[in-house]
Amino acid sequence: MIRTMLLALILISAPLAALAQDDTEGSNPGAEHKLSIGTGIGFATPIAHAFNSGQTGFEWQLDVMYRITKAIAVGAWMQVVPVDQFVGFSLTGEARYHFNFLQSRKGFLGKLTPYVGGGIGLYHVGGPNGNFSYDGLLFSFPVGIEFDLTSNIALTNEMRFNFMAAANKGPLSDTFYYSWQMLGARFRF
């Protein structure tokens, strides 16, 4: 399942890169930095409550986004969360809306760009030695902010609310978890 989800991330990323390349070659002369890749670390509680381990897991995120307009971006988001002997893996396609109301200001506030979004995808939770595996549908809603260091690089901070759709939860006691990307970076091309 994890290999399939990684392949899906690659298949989604390739056309977005092609669209971004096309925009820089004259079809949209005003377009700048359409494609971006973000990554970050933080913590999440996807399986801490689910398996009563009582621990919060380390979280790593990776996303590839393509800006359709200054405010709207679409792309793919991936997350890996190891907790105890369990590993959670998520992949969603999502859309984000960037609020540009601060860009007219000078100084610190002019470099901030808050955003909200929503996505749908898949998640996988695997247990030790492959003796437990659970897959399902995931609805994900990020709320975050970007701070522009340069025109190509931004620091990010994001809180994400995730809902796992499950008719049969198996050993999962919760179908909601949140994650907080405490330190992230976005690279624009």
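Yes or no: Arg67 of a type in the set (Lys, Arg), surrounded by 21 or more Cβ atoms within 10 Å (Cβ to Cβ), closer than 23 Å to Met182 by Cβ and modelled with pLDDT of 90 or more?
no
Does Ala50 satisfy the condition of being modelled with pLDDT under 75, in a helix (DSSP H, G or I), surrounded by 14 or more Cβ atoms within 10 Å (Cβ to Cβ) and in contact with a strand residue (DSSP E or B) (Cβ under 9 Å, 6 or more places away or on another chain)?
Spelling it out, it is not the case that Ala50 is modelled with pLDDT under 75, in a helix (DSSP H, G or I), surrounded by 14 or more Cβ atoms within 10 Å (Cβ to Cβ) and in contact with a strand residue (DSSP E or B) (Cβ under 9 Å, 6 or more places away or on another chain).
Looking for something more than 20 Å from Arg188 (Cβ to Cβ), modelled with pLDDT of 80 or more and surrounded by 14 or more Cβ atoms within 10 Å (Cβ to Cβ) - is there at least one such residue anywhere in the stretch 145-160?
Looking through the stretch 145-160, at least one residue is more than 20 Å from Arg188 (Cβ to Cβ), modelled with pLDDT of 80 or more and surrounded by 14 or more Cβ atoms within 10 Å (Cβ to Cβ).
Between Glu32, Glu59, which is on the phi < 0 side of the Ramachandran plot, touching a strand residue (DSSP E or B) at 6+ places or on another chain (Cβ under 9 Å) and at pLDDT 85 or above?
Glu59
When the residues of the stretch 96-127 are narrowed to those that are β-branched (Val, Ile, Thr) and at pLDDT 85 or above, which ends up surrounded by the most Cβ atoms within 10 Å (Cβ to Cβ)?
Thr113
The values are calculated or read from the model by the stated rules, or taken from the named source; none is laboratory data. All of these numbers come straight from a predicted model, not from anything done at the bench. When we count neighbours, we look across all protein chains shown, and the Cβ atoms used for this are built from the backbone with ideal geometry, even at glycine.
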